[in-house]
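Only one structure is covered here, and it is reproduced in the block below.
The values are calculated or read from the model by the stated rules, or taken from the named source; none is laboratory data. Please read all numbers here as calculations on a predicted model, not as lab measurements. Note: ideal-geometry Cβ built from the backbone for every residue, glycine included; neighbour counts use all protein chains shown.
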Amino acid sequence: MKTFLLMMLCAIACLQPDYAIIKPGETETVYVEVPSDPVTVIQEVEVPVYVEVEVPAENGDVWVDSFTQVGTIDGIDILWVIDKSGSMNRFDDALLAGIEAMMLALPASDWRLVIISADPTDSIASTEFPLVPGDDIADAESMLNTLPMGPWEEGFNSVYEYIMHNPYSLTWMRPDAGLLVVFVSDEEEQSYVEYPVVSDFLSWYSMQRGGAVFMASIVNQPAGASMCTIAPNPIDVGDRYMEATSMLGGVVIDICDDDWSPGVTDATHSIEPYESIGLTHAPVVDSIRVFIDGSLSAYGWTYSATDNTVNFTVIPTTGQLVEVGYRYIETDTGS
């Protein structure tokens, strides 16, 4: 679908022509059969010749921002899945601040949150009562302090074991509520035996809660994108977490970011239906095109330059893939 969209956008935003306009040109003579009594006769008819006129494009790069529309959900169950290896201790303050940011951004009612270990041998035995509206960061810290150190960093397998094989999870998790999982780790996801490829985990996860599932990851990003003072070793980059999160349209946060709160707040808001989408780049305004499930949408949206956002006057329905393509001009800052 993405390749198809980019091919379509090349007609409006690449160095190829922006538009193809069909207009009448000269005429030509054609011969047509005209029924007549008693015989059919041949007559000459003058018809216009339509000519394709190309409108040249301006220079620029093409970008596509997208999301899959979520549906209205009846409450939300949240799992923070924490890597509890020794190297994670340095992130405790940022972790608690991130959890607090989520608690403050959640609705005033109907959410439940539990912190579990990324070690499945620990998560399957967890019996922590969830945080609920009215709890505060001190309650979250108390829950975090109950997690034992764990040698295994298997976030995918930990979620599966907790939901499917931990009897206590059945006492608080609701089959009719949405499900948000937040992975936090400074190492790669390592459930290689259970889930050799990321899509194996997503095949199971995406079927939970009737598909009302969401994901965020707070992980090491590769050199060049990492915010760490020293770029992480490539083997510690959370590629599998990021791949899964991206496939679900979730939020990825750099674990070395000084403040996780904006990303965590975005992840919290991702459980609500989208009424707008912020664009990654400042677009050439007349190049913006919105596609709904691959079809060009000429109405139902407006662009606001003030906050660089496309706002939907007709809200996309649940499950629709919304893609906003546009041309942007890369500015050379000289840095």
Report summary line: ALA231: passes all of (1) in the same structural domain as ALA94 (by TED's automatic domain parsing); (2) aliphatic (A, V, I, L, M); (3) in contact with an Asp or Glu (Cβ under 6 Å, 6 or more places away or on another chain) but (3)
Requested in this report: Filter the range 225-251 down to residues that are small (Gly, Ala, Ser) and part of a loop (DSSP other than H, G, I, E, B) and give me whichever is farthest from GLN320 (Cα to Cα).
Outcome: ALA231
Requested in this report: Tell me which of these ILE82 doesn't satisfy, since it passes every other one: (1) modelled with pLDDT of 85 or more; (2) surrounded by fewer than 18 Cβ atoms within 10 Å (Cβ to Cβ).
Outcome: (2)
Query raised in the report: Going by the structure shown, is MET173 closer than 24 Å to MET102 by Cα, assigned to a loop (DSSP other than H, G, I, E, B) and not charged (D, E, K, R)?
Result: yes
Query raised in the report: Looking only at the range 283-302, which residues are of a type in the set (Phe, Trp, Tyr) and crowded, with 17+ Cβ neighbours inside 10 Å?
Result: PHE291, TRP301
Report task. Report, ordered by the first and then the second residue, all pairs with beta carbons closer than 7 Å, sequence separation of six or more or different chains, a first member in the range 280-298 that is of a type in the set (Gly, Ala, Ser), and a second member that is not in a helix (DSSP H, G or I). Result -> ALA282/ASN308; ALA282/TYR328; SER287/TYR326; SER287/ARG327; GLY294/MET1; SER297/VAL290; SER297/PHE291
**Report entry** Identity of the residue in the range 206-224, surrounded by fewer than 17 Cβ atoms within 10 Å (Cβ to Cβ) and assigned to a helix (DSSP H, G or I), that ends up farthest from the chain's Cα centre (by Cα)
**Finding:** GLY210
Query raised in the report: Does MET149 meet the test of being free of Cβ contacts under 8 Å to residues at least 12 places away in the same chain and assigned by TED's automatic domain parsing to the domain that holds PRO234?
Result: no
Requested in this report: Inspect all residues belonging to the range 260-282 and state whether any of them is over 30 Å from ARG174 (Cα atoms) and in contact with a helix residue (DSSP H, G or I) (Cβ under 7 Å, 6 or more places away or on another chain).
Outcome: no
Report task. Name, by its number, the condition in (1) surrounded by fewer than 20 Cβ atoms within 10 Å (Cβ to Cβ); (2) outside any helix (DSSP H, G or I); (3) hydroxyl-bearing (Ser, Thr, Tyr) that does not hold for SER203. Result -> (2)
Report task. Kindly check whether there is at least one residue in the range 57-65 that is in contact with a helix residue (DSSP H, G or I) (Cβ under 6 Å, 6 or more places away or on another chain), surrounded by 18 or more Cβ atoms within 10 Å (Cβ to Cβ), more than 29 Å from ILE315 (Cβ to Cβ) and aliphatic (A, V, I, L, M). Result -> no
Report task. Just give me the residues in the range 93-117 being over 16 Å from ILE253 (Cβ atoms) and not β-branched (Val, Ile, Thr), in sequence order. Result -> MET103, LEU104, LEU106, PRO107, ALA108, SER109, ASP110, TRP111, ARG112, LEU113, SER117
Report task. For the range 126-142, indicate whether the set of residues that are under 22 Å from ASN89 (Cα atoms), in the same structural domain as ILE163 (by TED's automatic domain parsing), exposed (fewer than 14 other Cβ atoms within 10 Å of the Cβ) and in contact (Cβ under 8 Å) with a residue 12 or more places away in the chain is non-empty. Result -> yes
**Report entry** Enumeration of residues in the range 185-203 that are out of contact with any helix residue (DSSP H, G or I) (no Cβ under 6 Å at 6 or more places or on another chain) and under 24 Å from GLU128 (Cα atoms)
**Finding:** SER185
